[in-house]
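> Got a structure for you, questions after.
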Amino acid sequence: MSHLRGREPFANVQEVAQALRPSYPVLCVYRNRLEQAARRFARLFPGKVLYAVKCNPHPMILDALHAGGIRNFDTASLAEIAAVAEKWDDVEAFFMHPVKARPVIATARKVHGVRVFALDHRDELRKICDQLGKDRDGVVAAVRVKTADAGTLFHLSEKFGAGVEEAAELLREVEREGLRPGLSFHVGSQCLLPQAYRDALDLLGEIIAASGVGPVFIDVGGGFPAPYLGTEMRPLEDFMAAIREGLHALKLPSTCEIAAEPGRALVAEGCSLLTQVQLRKDDRLYINDGIYGSLSEMVAAGVRLPSRLIRLEGREPSSETMIYTAAGPTCDSLDMIPAAFRLPVDVREGDWIEVARLGAYSYALATRFNGFHADTFVEVSDSEEFSC
Ligand SMILES: *Cc1c(COP(=O)(O)O)cnc(C)c1O
């Protein structure tokens, strides 16, 4: 929808519906909320805040976070590095994917001047050294450590991460290769336990002791939760307190660079979805977005989100509500979300539904399956979320 680019922001989502009467899904960006979330996180975290680009790489999201003061980015591919490095001169992309193609390592370094690379295996260290050649000055090799399963929605240490002994050995090897040693971890996404960060930092303490190497870079990863319905969420301050305690116990020199890689916590509340009802069958609403579009986490992770009905003309919606199942637009029968929304009992074709808190892992995961692609973004200047 290129005709929407450069347009003045809409006042609110109601106005988006009025102006566009969209039969396609529209992602509404609450720029103010994104800026606020970025500022708040940076105020609370004792180090650099690296936005995890994969969580929502849309340029409008990146712009809002940059306006909110974010200058560092956690990236995992050349496309993600370029998305930020070619946009601004005052930013740094950190290459935090532990497994990279050889030419990609070389390009990241030579073209984009990337300084920090993650790894979790000696063969990856070999690849990094080969590709850097003699160009190793100031380059940090951050060893990704496997953390315990902390009851997160998405546990990420099954795929990546070195165990304690392996990580200690890698740190020593990093030093022998003339690179600067670093450590990173990711407790898993939508982590509800502040203690998980403390435990992971204690684990880093064991690794540091076992290796005899002093790290110059410690990265506590992402995982900070978003307030989905039905989650008992501790405030961000509690997570930061656990991290501060953990860092304090490591007795790091003040020169050690500290970083975090929040994705979800920065963007989840900064975006909502405007989707239209195409057909109703009893308690099932056929809508124009689904699990192959913006709503995959509603099934993959059972995420529940606030929703409200938007009807532009005709009778006011009933004040009585019921639970609806949503059926997405593709022909796949997997494309269904049980108990998706609580809405008025008289929802009908042509009504819109605003689904809030959909900034994270929505657009980023949307496919083009069946010719549907949820990729229209508009800005709204409102910063209040509707009450639910
Ligand atoms: C996905 C990811 C993040 C962001 O995780 P959130 O749970 O969205 O905060 C950060 N770092 C790495 C390495 C990741 O893979």
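> With each run of n ≥ 4 DSSP H residues scored as -39500 (n - 2.57), what mean residue ellipticity at 222 nm is computed for the chain after dividing by its residue count and rounding to the nearest 500 deg cm²/dmol?
Calculated at 222 nm, the ellipticity per residue is -8500 deg cm²/dmol.
> Treating the beta-carbon of each Lys and Arg as +1 and of each Asp and Glu as -1, no other charges, what is the dipole magnitude of the chain about its Cα centre, to the nearest 20 debye?
So the magnitude is around 580 debye.
> Give the angle, between 0 and 90 degrees and rounded to the nearest 10, that separates the Cα long axis of helix 195-211 from the longest principal axis of the Cα atoms of the chain.
On a 0 to 90 degree scale, this one is about 20.
> Any chance you could run the full-extension gain for Ala101 through Phe386? It's 0.36 nm times the residue separation minus the Cα-Cα distance, nm to one decimal.
Roughly 98.1 nm would be gained on extension.
> Skipping prolines and chain starts, which residues have an amide H placed within reach, meaning under 5 Å, of the one on Arg180, given they are 5 or more residues away or on another chain?
Close amide H contacts, sequence-distant or interchain: Val139, Val140, Ala141.
> Going toward the positive end of the dipole of the chain, with +1 on Lys and Arg Cβ and -1 on Asp and Glu Cβ, which of Gly221, Ala196, Phe386 do you reach last?
Comparing the listed Cα positions along the dipole, Gly221 ranks first.
> Within region 1-99, which trypsin sites (Lys or Arg not before Pro) sit in a loop by DSSP and count at most 13 neighbouring Cβ atoms inside 10 Å?
Arg5, Arg7, Lys87
> When only C-alpha pairs under 8 Å and at least 6 residues apart count, what is the relative contact order of region 31-267, in percent? Write out the running numbers ahead of the final one.
On the way: 473 pairs, mean separation 49.0, N = 237.
That works out to 21 percent.
> Taking square-rooted eigenvalues a ≥ b ≥ c of the alpha carbon gyration tensor, is region 31-267 rounded, prolate or oblate, where a/c under 1.5 means rounded and, failing that, a/b exceeding b/c means prolate?
Oblate shape, in that a/c is at least 1.5 and b/c is the bigger or equal ratio.
> How far apart, in nm, are two points set 7 Å out from the Cα along the Cα-to-Cβ line at Met233 and at Glu8?
3.2 nm
> While we're looking at this one, here's another question. At a Förster distance of 25 Å, what's the computed FRET efficiency of Glu206 paired with Cys256, Cβ-Cβ distance as r, to 0.05? Walk me through the intermediate numbers first.
Numbers: r = 17 Å, r/R0 = 0.68.
FRET efficiency, Glu206 to Cys256: 0.90.
> If you don't mind, another one. Determine which residues of region 53-78 fall in the zone a paramagnetic label at Glu86 would reach in this model, i.e. backbone nitrogen under 13 Å from the point 7 Å along Cα→Cβ.
What the label zone holds, given the 13 Å backbone N cut-off, is 78.
> Using only Cα atoms and rounding to the nearest 10 degrees, what angle (0 to 90) does helix 122-132 make with the longest principal axis of the chain?
Rounded to the nearest ten degrees, it is 90.
> So, one more: Per residue, what accessible area does region 31-267 have, given a 1.4 Å probe and all protein chains present, in Å²?
Roughly 41 Å² per residue, with all protein chains present.
> Using a Förster distance of 30 angstrom, determine the FRET efficiency expected from the C-beta separation of Val164 and Met336, and round it to 0.05.
0.10
> Tally Lys/Arg at +1 and Asp/Glu at -1 over every other residue whose Cβ is under 12 Å from the Cβ of Leu274; what's the total?
Values: positive: Arg21, Arg308; negative: Glu15, Asp289, Asp351, Glu354.
In short, -2.
> Express the relative contact order of region 192-259 as a whole percentage, based on alpha carbon pairs under 8 Å and six or more residues apart in sequence.
This gives 56 percent for region 192-259.
> What are the radius of gyration and Dmax of region 1-96, computed over its Cα atoms and given in Å?
Taking only Cα atoms of region 1-96, I get Rg and Dmax of 15.1, 45 Å.
> Now a separate question. At 1.4 Å probe size, with the rest of the protein present, what percent of the exposed accessible area of region 31-267 is carbon and sulfur atoms?
Carbon-and-sulfur percentage of accessible area, whole number: 50.
> Return the long-range amide H neighbours of Ala340 (sequence gap of 5 or more, or a different chain), with a cut-off of under 5 Å between placed amide H atoms.
Tyr324, Thr325, Ala326
> Take a quick pass over region 31-267 and tell me how many lysine pairs come in under 25 angstrom between Cα atoms, counting only ones 8 or more apart or on separate chains.
24
> In whole percent, how big is the carbon plus sulfur part of the accessible area of region 291-388, probe 1.4 Å, protein atoms only?
Using a 1.4 Å probe with all protein chains present, region 291-388 comes out at 48 percent carbon and sulfur.
> Can you tell me how region 328-382 classifies by the Cα gyration tensor, rounded, prolate or oblate, using a/c under 1.5 as the rounded cut?
Cα axes put region 328-382 in the oblate bin.
> Once fully extended, how much extra length lies between Ala67 and Arg39, figured as 0.36 nm per residue of separation less the alpha-carbon to alpha-carbon distance?
Length difference between fully extended and current span is 9.1 nm.
> Another one. Among Pro253, Ala52, Leu171, flag the residue with its Cα farthest along the positive direction of the charge dipole of region 31-267, charges on Cβ as +1 for Lys/Arg and -1 for Asp/Glu.
Ala52
> Give me the net charge of His121's neighbourhood, meaning all other residues with Cβ under 10 Å from the Cβ of His121; Lys, Arg count +1, Asp, Glu -1.
Net charge in that neighbourhood comes out at 0.
> Could you tell me which of rounded, prolate or oblate describes region 251-388, using a ≥ b ≥ c as the square roots of the eigenvalues of the alpha-carbon gyration tensor, with rounded for a/c under 1.5 and, failing that, prolate when a/b is larger than b/c and oblate otherwise?
prolate
> Relative to the first principal axis of the alpha-carbon coordinates of the chain, what is the inclination of helix 31-44, with its axis defined by its Cα atoms, in degrees from 0 to 90 and to the nearest 10?
For 31-44 against the chain, the angle is about 30 degrees.
> Cα atoms only, region 134-247: Rg and Dmax in Å?
In Å, with Rg to one decimal and Dmax whole: 15.1, 53.
> Next question, about the same structure. Assuming R0 = 22 Å, can you tell me the calculated FRET efficiency for the pair Arg284 and Asn370, based on Cβ-Cβ distance, to the nearest 0.05?
Efficiency computed from Cβ-Cβ geometry: 0.75.
> Further question on the same structure: Based on the mean of other beta carbon atoms within 10 Å per residue, what is the order of 256-262, 311-317, most packed first?
My ranking of the peptides, most packed first, is 256-262, 311-317.
The values are calculated or read from the model by the stated rules, or taken from the named source; none is laboratory data. Keep in mind that this is a model prediction, so the values were computed, not measured. Because the Cβ atoms are built from the backbone with ideal geometry, glycine has one as well, and the counts that use them run over all protein chains shown. Surface areas here come from the heavy atoms of the whole protein model, side chains and all, with no ligands, DNA or RNA. Shrake-Rupley method; radii C 1.70, N 1.55, O 1.52, S 1.80 Å.
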